[in-house]
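Below is one structure, written out as structure tokens, with a few remarks after it.
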Amino acid sequence: MGSVTMEVIRAGLTGRVQELAMMLAPGGRVDGHEYWALNPTRPDKRIGSFKIDLSGSRAGGWYEFAERTGGDLIGLIAYCRFGHLGRHDDGRGEAVKAAIIWAKSFLCLDDADPEFLAKAEARAARHAKSMEQVKASSERDQERKSSWARREWVHCMVSAWDHPVSLAYLKGARGIDPALLSHVGGGLKCEFEGPPWKQAPHDQATGEVFPAICSAMIRLNGGKGFDGVRAVHRTFLAPDGSGKADMPKAKRMYGAARGCAIRLTKGASRMGPELASRKGVRDDVLAISEGIEDGLTWAMIEPTHRVWAAGSLSLIGAVEVPACVKKIVLVGQNDDGEAARSAFDGAVAQLIASSGRPCEIVNPPSGQKDWNDWWRAQA
């Protein structure tokens, strides 16, 4: 019998990644390209910090955000079955050796005949080529989406603070007074009609076009000017700005949003994060909210904080934190749903793990869903 290479083992495991994930961490849920589950190595109460990638260029990767560890599927087996943390192993650990033996048995490779091995090696070669193509395609797709988003952003010419409809929504409906905001960035504009290459969202019955607040979603160190815009987030409004538009999904994102943020205010340093980091600023407090309304509300409460919005709960944990930040404040909500609480817990764990910064959670007082509700109640 010929020897089994690691390439063959890894390709075989990746081909059965969902089956393997459910076996090693049962009772989880599939969310798009990811599998989220309770960590099988400890008495977890909520899903939120342990995930396995099921497809795409990261298929087979896993991460435990609370412990800041992760790796490939061999590491996952070592972690779940043999009590090893996986990522920092040099390949000689007993847990990893045991994981390789287990994987060969799982894939029926421990006693395979030469013909079976030859077919497995051929599959591994095809898999490696396919992964290269997937990675290249993913990079092209990300750039295509980003270019589209930049074009969308350039189309929006009017600041949201200067347009009567968006101002009616922000100040009139949401109680956000621009006079109480210091060092506001230029990341919010108002769009009153769709760009010429794309039909604006409209009511199917009446054909009415909705105005929207268009927010730039910017990647850290993404370049100067428009180059940093990787996605746009839209909040569609009623024609008079009295509230959100009466339409399905009044909030939508376009582009490559992961890792980006909507930069609402500049905080105490009065500089963009890249410039502040280059100038040696290291004491910024970065407040991150899910939506722009809560973020702008928090900016009125704590004007010295640099305030960003992630655009959605699922993206909070992926926000890239600049070097100028010493502490993160997560602007939370009083959500009742278990899924929302689990997602928020996971985002906190991801953010702490990726940024290495301390993180404080600030929830509104009991009885108020979010900080904007609380703010308007005070008025």
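Quick one: net charge around Leu286, please, counting Lys, Arg +1 and Asp, Glu -1 for every other residue with C-beta under 14 Å from its C-beta.
Numbers: positive: Arg263, Lys266, Arg282, Arg306, Lys326, Lys327, Arg357; negative: Glu274, Asp283, Asp284, Glu302, Glu320, Glu360.
Neighbourhood net charge equals +1.
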Query raised in the report: Please state the relative contact order of the stretch 6-112 as a whole percent: Cα pairs under 8 Å, 6+ residues apart?
Result: 19 percent
Query - Which of Phe116, Phe50, Phe236 has the fewest Cβ neighbours within 10 Å, and the rest in rising order - result: Phe116, Phe236, Phe50
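From Cα pairs below 8 angstrom and at least 6 apart in sequence, can you work out the relative contact order of the stretch 9-48, rounded to a whole percent?
Details: 31 pairs, mean separation 10.3, N = 40.
Computed value for the stretch 9-48: 26 percent relative contact order.
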Report summary line: Neighbour-count ranking for Tyr79, Tyr169 (other C-beta within 10 angstrom, fewest to most) reads Tyr169, Tyr79
Report summary line: Within the chain, the percent of DSSP beta bridges that are antiparallel, given to the nearest 5, stands at 75 percent
Report task. Would you kindly derive the ³J(HN,Hα) couplings of the stretch 149-159 from the backbone phi angles with the Karplus curve 6.51 cos²θ - 1.76 cosθ + 1.60 (θ = phi - 60°), listing them in order in whole Hz, with x for Gly and Pro? Result -> 5, 4, 5, 4, 5, 4, 5, 7, 9, 10, 4
Query raised in the report: Relative contact order of the chain: what whole-number percent is it, with Cα pairs under 8 angstrom and at least 6 residues apart?
Result: 13 percent
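Which value at 222 nm does the chain reach when only helices count, each DSSP H run of 4 or more adding -39,500 (n - 2.57), with the total divided by all residues and rounded to the nearest 500 deg cm²/dmol?
Numbers: 10 runs with 129 residues, N = 379.
Rounded to the nearest 500, the figure is -11000 deg cm²/dmol.
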Requested in this report: Using only the C-alpha atoms of the chain, find the volume of their convex hull and express it per residue in Å³.
Outcome: 165 Å³
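Most exposed first by the Cβ proxy, i.e. fewest other Cβ within 10 Å, how do Trp374, Trp153, Trp62 rank? Present the calculation step by step, with values, prior to reporting the outcome.
Numbers: Trp374 18, Trp153 23, Trp62 26.
Sorted ascending by nearby Cβ count, the order is Trp374, Trp153, Trp62.
Need one number: % antiparallel among DSSP beta bridges in the stretch 227-372, to the nearest 5. Before the final figure, lay out the partial values.
Numbers: 8 of 21 bridges.
The answer is about 40 percent antiparallel.
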Report summary line: By the Cα gyration tensor axes a ≥ b ≥ c (a/c under 1.5 gives rounded; else a/b larger than b/c gives prolate, otherwise oblate), the shape of the stretch 272-316 is oblate
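Bear in mind these aren't lab numbers, they're just calculated from the coordinates by the rules spelled out. Keep in mind it's a predicted model, so treat the numbers as computed, not measured. Using ideal geometry, Cβ is built from the backbone for each residue, glycine included, and neighbour counts are taken over all protein chains shown.
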